[in-house]
Amino acid sequence: MLYALHELQHAMLAPFEALAGASHTLLTQPHSVWSHTPYSRTFAAANELVMRLVRRYEKPGWDITESVVDGRTGPVRIEKALIKPFCQLLHFKRETKRKDPKVLIVAPLSGHHSTLLRDTVRTMLPEHEVYITDWIDARMVPLHEGHFHLDDYVEYVQEFIRFLGPDVHVVSVCQPTVPVMAAVSLMSTRKEKVVPLTMTMMGGPIDTRRSPTAVNNFATGRPLSWFESRVITRVPVNYPGVGRRVYPGFLQHISFIMMNADRHVEAHRDFFNHLVVGDGESAEAHRRFYDEYNAVLDMAAEYYLETLRVVFKEHALPNGTWEVRHEPVRPQDITRTALFTIEGELDDISGVGQTQAAHDLCKKIPAAKRDHFLVEGVGHYGIFSGRRYRERIYPRIRDFIRKHA
């Protein structure tokens, strides 16, 4: 019922979006008489703001068509290396004869699309062969494809690692640090020949008891039944996944906004002012950010609830009580994979120390194959995108990968 009401609301707001769009066109086209009136910019800015507040944001494109390798610009093709019901493994294929390290970026499945890591991919491309997990919106997956559990996530990561081979380096950002740790632990316990050479973990909830954030407190402050009864709903009839139980993206988006409501209100006020004074560059930066930020996906209910239970309530990984398909997850069995953890000093999603906890669990990794980097003045998103990521964090990741390649 909740999802159906949301769809109804969107349908009711569609005429307002269309009207605002038409008015915006009249007020901005140079050949329109209305664009030359004294307050045309103000009214145009108001219409664009309305348009952006009521529209539905679809998954953004990757917008990566070329990369510079050895000083030469060459094309990049995005290929689907593996396709699973809830995820596709993408390969950003460059036209080069260089033998660069192979990197598997495991993107978060926590509300936003994998394109949120566009800057991560673009920055790594000139010096790496890059693959990334591109998670599929659960509302687009038909029921006959079955359920998607946290255990399935772990098995997907294992399958991708085996597919890419023993020379792969794994980079996990935020949420996937936990299933990646489980995947590599299980493969190490079984003494599989194919394990990653390195695993880089960035801003992830390995042990959420350390420096708990508002996200952690919200997850632990309510019983699992509260989440199941209030945020889980079924996909309506206008999507391929009709009937599937999901944690819908629009509810996640509301929670994202409410975490920093004042900041978002201020950002939209600034956007309006930038449009009025004609600061096109600042306005375009706002559009780019919120086109990505407002695009969200649905998560399978069973995966979401199991993640809450395992990661935030039971702390099963650091407590040593987690089992995947009845196999114990033993990080202490990892010996061949080098470990690099990265945290942001100002991270309000995964607090300082939560990712570093991986070193306490992976006791048998030699000291020479470990590293930790606490980045001063950086928040959660700054760990994997933006100028500080490109100038300070990425070089450390690149050097760590090459050291252990």
**Q.** Of all residues in the stretch 54-101 being without any contact (Cβ under 8 Å) to a residue 40 or more places away in the chain and not charged (D, E, K, R), the one that is farthest from residue 153 (Cα to Cα)
**A.** 71
Q) Quick one: how many residues across the stretch 26-41 are exposed (fewer than 14 other Cβ atoms within 10 Å of the Cβ) and either in the same structural domain as residue 111 (by TED's automatic domain parsing) or in a helix (DSSP H, G or I) (or both)? A) 2
Q. Out of (1) aliphatic (A, V, I, L, M); (2) surrounded by fewer than 20 Cβ atoms within 10 Å (Cβ to Cβ); (3) within 30 Å of residue 269 (Cα to Cα), the odd one out for residue 117 is which?
A. (2)
Q | residue 305 being under 30 Å from residue 144 (Cβ atoms), touching an Asp or Glu at 6+ places or on another chain (Cβ under 9 Å) and not small (Gly, Ala, Ser) | A | yes
(Q) Regarding the stretch 98-117, can at least one residue be identified that is over 23 Å from residue 342 (Cβ atoms), of a type outside the set (Asp, Glu) and assigned by TED's automatic domain parsing to the domain that holds residue 205? (A) yes
Q: Please indicate, with yes or no, whether at least one residue in the stretch 368-385 is free of Cβ contacts under 8 Å to residues at least 40 places away in the same chain, part of a loop (DSSP other than H, G, I, E, B) and within 19 Å of residue 217 (Cα to Cα).
A: yes
Q. Do we have residue 359 as more than 26 Å from residue 257 (Cβ to Cβ), assigned by TED's automatic domain parsing to the domain that holds residue 138 and in contact with a strand residue (DSSP E or B) (Cβ under 7 Å, 6 or more places away or on another chain) here?
A. yes
Q) Out of (1) surrounded by fewer than 19 Cβ atoms within 10 Å (Cβ to Cβ); (2) outside the structural domain of residue 363 (by TED's automatic domain parsing), the odd one out for residue 275 is which? A) (1)
Q: Only residues that are out of contact with any His (no Cβ under 8 Å at 6 or more places or on another chain) and of a type outside the set (S, T, N, Q): list them for the stretch 347-363, please.
A: 351, 352, 353, 357, 358, 360, 361, 362, 363
Q) Counting only residues that are out of contact with any strand residue (DSSP E or B) (no Cβ under 7 Å at 6 or more places or on another chain), crowded, with 16+ Cβ neighbours inside 10 Å and not in a helix (DSSP H, G or I), how many does the stretch 298-319 have? A) 1
**Q.** Cβ-Cβ under 6 Å pairs, at least 6 apart or on other chains, the stretch 7-32 side among the acidic types (Asp, Glu), far side surrounded by 13 or more Cβ atoms within 10 Å (Cβ to Cβ)
**A.** 7/236; 17/51; 17/54; 17/55
Q) Can you name the strands (runs of 3 or more DSSP E) wholly within the stretch 134-251 that have at least 2 residues being in the same structural domain as residue 90 (by TED's automatic domain parsing) and within 19 Å of the chain's Cα centre (by Cα)? A) 168-173, 198-202
Q: Taking residue 207 as the residue in question, decide whether it is touching a helix residue (DSSP H, G or I) at 6+ places or on another chain (Cβ under 8 Å), crowded, with 18+ Cβ neighbours inside 10 Å and more than 26 Å from residue 102 (Cβ to Cβ).
A: yes
Q: Confirm whether residue 286 is assigned to a helix (DSSP H, G or I), out of contact with any Ser or Thr (no Cβ under 7 Å at 6 or more places or on another chain) and under 14 Å from residue 45 (Cα atoms).
A: yes
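The values are calculated or read from the model by the stated rules, or taken from the named source; none is laboratory data. Predicted model, so just to flag it, every value in this text is computed and none were measured. So basically every Cβ, Gly included, is an ideal-geometry build from the backbone, and we count neighbours across all protein chains shown.
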